[in-house]
Amino acid sequence: MRMSAICRMFPITLLAATLHAAPCLAAWSHDPATSGVDITPNPNADSYVYGTALSDGAGGVWIAGNRAAAVGNDIWVQHMGATGAPAAGWPAAGITVGSGTGARSNAHIVLDGAGGVMVFWQDNRSGTHADIYGQRLNSAGVRQWTANGVLVNPVDTYNRAQISTCTDGAGGAFVAYRFDISGSDEDIYMTHVSGAGSFLTVPVATPLGLQLNPVITTDNLGGCYVAYEDQQGLSGTAFEVKLAHLTSANSFTFSNLSLDNANAANQTAPQMISDGTTGVYVSWLDDRSVGTVFTVATRIDLNGSPHTGWSNFGLSAHYLANSQDRSAAMTLDGSGGLFFVLPTYGSSSYGVVGHVSPNGIPYPAFGTSGVIVSASAQFRCDAVPDGAGGVFALFDDTRANAEVPAIVRVTSGGALGPATPYGGRVAALQYSYNQSLVADPNGGAFVLWSDYRTGNIRNYAAHVDRYGFLGDATPVSAGVKDIPADQGGAVRLTWNASWMDGDADYGIGSYWIWRQAPLTLANAAVRAGSGVWADAATPAEAAALVHGRGAGDNEGSTLTRIFQHDAVSPYAWEF
């Protein structure tokens, strides 16, 4: 649908339409029945398993995973652009970085800081045990290391598993993994891989017993944190979550730090993110309350001490009396605070969002129990910032009589985002699994999942805009043309309507047009009493200030003119 309007202008004012030429997202479907771009289309209908994904920082997303092949299986990487199509120069089926005999799995992707990525995976090409291999691709998808990947752990006959990766901030990466000595003795190691593909391996936790499930994240100083489960003895005793910090020189600031004060209960499934400075947030599952498993979290500074307001006993993120079977997904709020997203189960299943300050104090709108945003959330969850102080929460949802990805936007004030229904918006109607979110720095998020719609395991990606709608609901400018022979009196604005304009729910009620005006003109109008500044108002509030100004009104109207300051240039915007 194309719409147009004639807008009159002052002879001294250069007018511009603010309906922006948004990134073209036309390939992203807004219909959940057909949503999802096939990440790795292949005429042979191979089975694919999605691994991990990262934003490319330019409106696209990097994705890695493994797929069946004629011999063994392959590790593949795909780079999707902002349009929902493969990035320029990238093949539709992605690029294979590891292949040949043996099983490959558990692909993890890391930005290399130069427009490309490094990908690491578990590889059983030896036929007797799994090693860790890696490959680096530049922005054009050209392999930078040995064609079939480089071995990034020492040569031996021991098994490696449970990979976790992060950047070192200098073109390389840290790779943490479980190192299997025997069935009753499994350790945690970390390998520091340079951008050139050389490596240095460091033991992180090597006592007797089992050390499992490492997670790793950057300290933003060139070093990293590693959290893991540590069994204090032989099989049958409880686990506790511990933390180590390694500097950029691969030396320990601290190690074997207990995050639960050696509580006798069982602590498992650590999750960890950077706190945005040099510390970390860590969450885990805890059964210290007999009969109930719930999420606990803490914030640890660079010296290994709990941050102000937190303790190494952990802040309870219990959020209802129901149990959880996974630790909370966490994301920053843009101001140093933390959002928790988690599903609970018991007599009912809920999707819950919590929000705490940098010092661990729950924000009043969320309270100590969080806010319930879904009554049909199941096991898997994820979270990314919405770019406006709130959060996008992903839940494994059962409303469609199947497990499907549903997206809920929650504001910093604890309310559902504008036009966000309770339970969120379902991104796909097919039974799905392995759902995850990746933030889009241009606004919104990418949703990734696997489903069987073709009879084989396939992987799909969708995009939600900054309001949580599938695809992109933004109206896009189609042109600004002068009306001839009126001496600069008017222009005709034409735009492609939002898809929501034709939606059965009437998601679009009106369009607002703003024009750029010289700051001197705006100030003069305000001084003369014929204009007001409305910088603190929302667009809806600003529009309401025009007091019913209609299509027939012009510059001669006695109605108040509304201005907003331009944040980056010496102009104002006039409604």
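What the table shows:
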| quantity | calculated |
| --- | --- |
| Only Lys, Arg (+1) and Asp, Glu (-1) charged, at Cβ; segment 349-480 dipole about Cα centre in debye | 100 debye |
| Solvent-accessible area of LYS481 with every protein chain in place, 1.4 Å probe, in Å² to the nearest 10 | 150 Å² |
| Sequence-distant residues sharing a close amide H with VAL476 (under 5 Å, placed H) | ASN496 |
| Per residue accessible area of segment 127-204, 1.4 Å probe, in Å² | 37 Å² |
| Net charge contributed by nearby residues that have their C-beta within less than 13 Å of ALA402 (K/R +1, D/E -1) | -2 |
| Amide hydrogen neighbours beyond the local backbone of PHE239, cut-off 5 Å, H modeled | GLN267 |
| Ranked by how many other beta carbons lie within 10 Å on average, peptides 64-76, 513-525 from highest | 64-76, 513-525 |
| Label-point separation, THR206 to ALA140 (7 Å along Cα→Cβ), nm | 4.4 nm |
| Estimated FRET transfer efficiency (ALA68, SER530; beta-carbon r; R0 51 Å; 0.05) | 0.15 |
| Dipole of segment 343-437, positive direction: furthest Cα of LEU437, PRO362, THR411, with charges on the beta-carbon | THR411 |
| Under the Karplus curve 6.51 cos²θ - 1.76 cosθ + 1.60, θ = phi - 60°, whole-Hz ³J(HN,Hα) for segment 274-286, x wherever Gly or Pro sits | 5, 7, x, 10, 10, x, 9, 9, 10, 10, 7, 8, 9 |
| Long-range HN-HN contacts of ASP112 with modeled amide H, under 5 Å | VAL117, MET118 |
| Karplus-derived HN-Hα couplings along segment 370-380 (A = 6.51, B = -1.76, C = 1.60, θ = phi - 60°), whole Hz, x at Gly and Pro | x, 10, 7, 10, 7, 10, 9, 7, 10, 7, 8 |
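The values are calculated or read from the model by the stated rules, or taken from the named source; none is laboratory data. Computed from a prediction, not measured in an experiment: that's the story for all the values here. Neighbour counts run over all protein chains shown; Cβ positions are idealised from the backbone, glycine included. For the accessible areas, the whole protein counts, side chains as well, though only heavy atoms, and no ligand, DNA or RNA atoms are used. Shrake-Rupley method; radii C 1.70, N 1.55, O 1.52, S 1.80 Å.
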